[in-house]
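Notes for the one structure printed next.
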Amino acid sequence: MSNPSRAGLIFLAVSIPVLVGASAWIQDVRYHHVEGWAELPDGVEAWGQTIGIETDDDDNLWVFHRCFANNCRERDDVPPMLKYDSSGRLLDSWGEGMFVWPHGSTLDEDGNVWVTDAQGGEGKGHVVVKFSPEGRVLMTLGTPGVAGVGENTFDGPADVAIAANGDIFIADGHGNDRIVKFSRDGEFLMEWGQEGTLLGEFNEPHTLAFDSRGRLFVGDRMNQRIQVFDQSGRFLAVWPAIMASGIHITDDDRVLVADYQLRKGVIIAHADDFSEIAVIDEALPEGVAMDSMGNVFAGEVTGTDLMKLEPVRGR
């Protein structure tokens, strides 16, 4: 894909309105940190690096974490996928011995769980895996343990997002700088991007999410921006001055961005023009999600925690 000109960047930068506090429903919302809300498995006393956070239609929380440590290389007995109900009761867990460095995650419309493993070794890692809700492997993209830049190899796949028609989009971002698109059946369709700072180029594409219009939000982390594309890789818009490690977009197009490096918190904004609604600075997360009650969940890799932030409305 050809790169847009720098003139396009200047035009977008001056044409995006800044309407801080534009959403009345959340202007007066504060957040209360609920300490120790999530039940830990037997024998576990504290969280390690927690990165993938997803909520399903029943407000259950799916947590993809690094085996209560910094990775899963030496913790084959620890399940990196945990499922909680809204009260913090542990409902299910699975995935022991399958991952090296758990990274991105998402749920599709059928409730299947998609995850990425962003490091490799001993025949594991550098893959994207689709699981049933019970933890049965349904599809694997990539070559386990092999880093590369081909149609069936990745180098540090950071995140995955599923379009409404089932097409699969992968941010191949910790070793490569590209977005890779597959059909719902796992057939390679296309890729776009390369290392660089121009629009349509990337420096560590780290997180993906779709809005209600089917636009793909890409957290271009080290370029300190979010780029927005259509599903054919055509550049649409840019949100500058933000280092997105995680993105969650609600059904009504509120964007939650986990930025623990630059803005240092959870930024909530409108998807259409990026105008900010709120900033939650109680957490420094890499993963973020919101349930139907407005509770915000933040997974930290530096503070090693899974935080629940309850909205408290009024002054």
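The values are calculated or read from the model by the stated rules, or taken from the named source; none is laboratory data. Model, not experiment: these values are computed from the prediction. Positions of Cβ are generated from backbone atoms using ideal geometry, with glycine treated the same way; all protein chains shown enter the neighbour counts.
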Could you check the range 86-132 and list, in sequence order, the residues that are of a type in the set (A, V, I, L, M, F, W, C) and farther than 18 Å from Gly173 by Cα? Leu90, Leu91, Trp94, Met98, Leu107, Val113, Phe131
Quick test of your reading of the structure: Val127 fulfils all but one of (1) free of Cβ contacts under 8 Å to residues at least 12 places away in the same chain; (2) in contact with an Asp or Glu (Cβ under 7 Å, 6 or more places away or on another chain); (3) not charged (D, E, K, R). Name the failing condition by number. (1)
Can you name the residue in the range 25-58 that is surrounded by 11 or more Cβ atoms within 10 Å (Cβ to Cβ) and aliphatic (A, V, I, L, M) and, of all such residues, is modelled with the lowest pLDDT? Ile26
Looking only at the range 110-120, decide whether some residue is surrounded by fewer than 20 Cβ atoms within 10 Å (Cβ to Cβ) and within 20 Å of Glu39 (Cα to Cα). no
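For every residue, the table says whether it meets (1) in contact (Cβ under 8 Å) with a residue 60 or more places away in the chain; (2) in contact with a Phe, Trp or Tyr (Cβ under 7 Å, 6 or more places away or on another chain); (3) in a loop (DSSP other than H, G, I, E, B).
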| residue | (1), (2), (3) |
| --- | --- |
| Asp252 | no, no, yes |
| Ala258 | no, no, no |
| Arg263 | no, no, yes |
| Ile268 | yes, no, no |
| Ala278 | yes, no, no |
| Glu282 | yes, yes, yes |
| Ser292 | yes, no, yes |
| Ala298 | yes, no, no |
For strands (runs of 3 or more DSSP E) lying entirely in the range 96-187, having 3 or more residues that are within 19 Å of Phe64 (Cα to Cα) picks out 102-107, 113-121, 124-131, 137-141, 157-162, 168-172
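Each row is one residue, and each column tells you yes or no for (1) aliphatic (A, V, I, L, M); (2) under 22 Å from Asn165 (Cα atoms).
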{"site": "Asn203", "(1), (2)": "no, no"}
{"site": "Ala209", "(1), (2)": "yes, yes"}
{"site": "Arg221", "(1), (2)": "no, no"}
{"site": "Gln224", "(1), (2)": "no, no"}
{"site": "Leu236", "(1), (2)": "yes, yes"}
{"site": "Ile242", "(1), (2)": "yes, no"}
{"site": "His248", "(1), (2)": "no, yes"}
{"site": "Asp253", "(1), (2)": "no, yes"}
{"site": "His270", "(1), (2)": "no, no"}
Inside the range 281-292, can you point out the residues that are modelled with pLDDT under 95 and either of a type in the set (Phe, Trp, Tyr) or surrounded by fewer than 23 Cβ atoms within 10 Å (Cβ to Cβ) (or both)? Asp281, Glu282
